[in-house]
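Enquirer: Here it is, the structure in full.
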Amino acid sequence: MTARAVVLWRHGRTEYNATARLQGQVDIPLDGVGRWQVEAAARHIAQRHSPTRIVSSDLSRAAATAHALADVCGLPVRLDPRLRERGFGEWEGLTAHEISERWPDQYAVWRSGRDPQRAGSESRASVGARVAQAVTELADEVDPDGTLVVVSHGAAITLGMVALLGLDPTAWRGLGGLHNAHWALLRPGGHRETTPWFIEAHNLGPAVVVDDWNAGVPADAVPSSTADALRP
């Protein structure tokens with residue numbers, strides 16, 4: 001038994017997102033734009049995907065995102081620490097420029113797609129494995145006609161999807177990241193051992209131009225021709 005669909009939803013914007021700081025597992029809340037984003041996105045998810053269960057990372061920015069949807073759907077939120085963002089150790093809270101100045105060699109390794117060795121950090125493969133295990137187990141608890149919404153983080157979702165699709169961990173470069181409060185839609189692939197999941201849609205969100213979305217500009221403040229209506 002597994003869910004009919006899994007929605008992997010990234011949390012709304014935070015101050016660190018707005019200032020391009022590496023968040024990792026720092027427990028930073030949504031900012032004002034982030035709260036607006038998740039309220040807008042929650043209405044779309046509820047209407048298009050009819051969630052039956054909501055599970056979230058226990059970091060507050062993800063939990064607040066999940067509760068925005070729970071308020072619309074009348075569902076409880078379950079917290080699961082396996083859905084946390086990738087841990088970056090002492091890099092957390094810093095900008096790319098600050099990291100490159102203090103750890104130039106390790107930064108170069110990271111930017112090349114490899115895993116630098118440093119205390120408190122997680123490898124891409126280990127993050128993908130923990131997120132994929134959590135999603136698989138949670139989906140197995142949902143009725144075959146149900147939809148599981150998993151609320152997590154940018155890197156965690158990307159790496160988790162790579163693992164769920166059975167791809168090599170280096171394949172993450174071919175999978176674009178999600179914008180804040182955007183989501184991916186996965187469905188069972190029909191062959192649990194070989195193709196357990198496939199991506200039906202990726203980086204879905206309300207029909208707002210990305211720059212406007214990131215700035216907190218509502219869809220009705222821009223011409224409708226700037227974005228196509230999204231399909232579930």
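Enquirer: Obtain the nm distance between the two label points defined at Arg173 and Ala18 by a simple spin-label model: each point lies 7 Å from its Cα along the Cα-to-C-beta direction.
Expert: Here the modelled spin labels are 3.4 nm apart.
Enquirer: Ordering Glu101, Glu137 by accessible area with a probe of 1.4 Å, largest first, what comes out?
Expert: Listed by decreasing accessible area, they come as Glu101, Glu137.
Enquirer: Where in the chain are the DSSP H helices whose C-alpha atoms run 20 Å or more along the long axis and whose mean Kyte hydropathy is at least -1.0?
Expert: Once both thresholds are applied, what remains is 32-49, 124-140.
Enquirer: State the percent of C-alpha pairs, over all pairs in the chain, separated by a distance greater than 26 angstrom.
Expert: Counting every Cα pair in the chain, those more than 26 Å apart make up 35 percent.
Enquirer: Take peptides 82-94, 151-163, 49-61, 103-115 and line them up by average Cβ neighbours within 10 Å, highest first, as a rough protection proxy.
Expert: Listed from highest to lowest mean packing, they are 151-163, 49-61, 82-94, 103-115.
Enquirer: Can you check what the net charge comes to around Asp27, using other residues whose Cβ is under 13 Å from the Cβ of Asp27 (Lys, Arg +1; Asp, Glu -1)?
Expert: Net local charge, Asp27 excluded: -2.
Enquirer: Can you bin region 1-92 into rounded, prolate or oblate? Criterion: square roots of the alpha carbon gyration tensor eigenvalues sorted a ≥ b ≥ c, rounded for a/c under 1.5, prolate for a/b above b/c, oblate for the rest.
Expert: oblate
Enquirer: Ignoring ligands, DNA and RNA, what percent of the 1.4 Å accessible area of the chain is carbon and sulfur?
Expert: The C+S portion of the solvent-accessible surface of the chain is 51 percent.
Enquirer: Which part of region 40-70 falls in the paramagnetic zone of Leu79, meaning amide N under 16 Å from the point 7 Å along Cα-to-beta-carbon?
Expert: Under 16 Å, as judged by backbone N against the label point of Leu79, lie 54-68, 70 of region 40-70.
The values are calculated or read from the model by the stated rules, or taken from the named source; none is laboratory data. Keep in mind that what you see is a predicted model, and the values were worked out from it rather than measured. Ideal geometry is used to build each Cβ from the backbone, glycine not excepted, and the neighbour counts take in all protein chains shown. Surface accessibility is based on the protein's heavy atoms, side chains included, excluding ligands, DNA and RNA. Shrake-Rupley method; radii C 1.70, N 1.55, O 1.52, S 1.80 Å.
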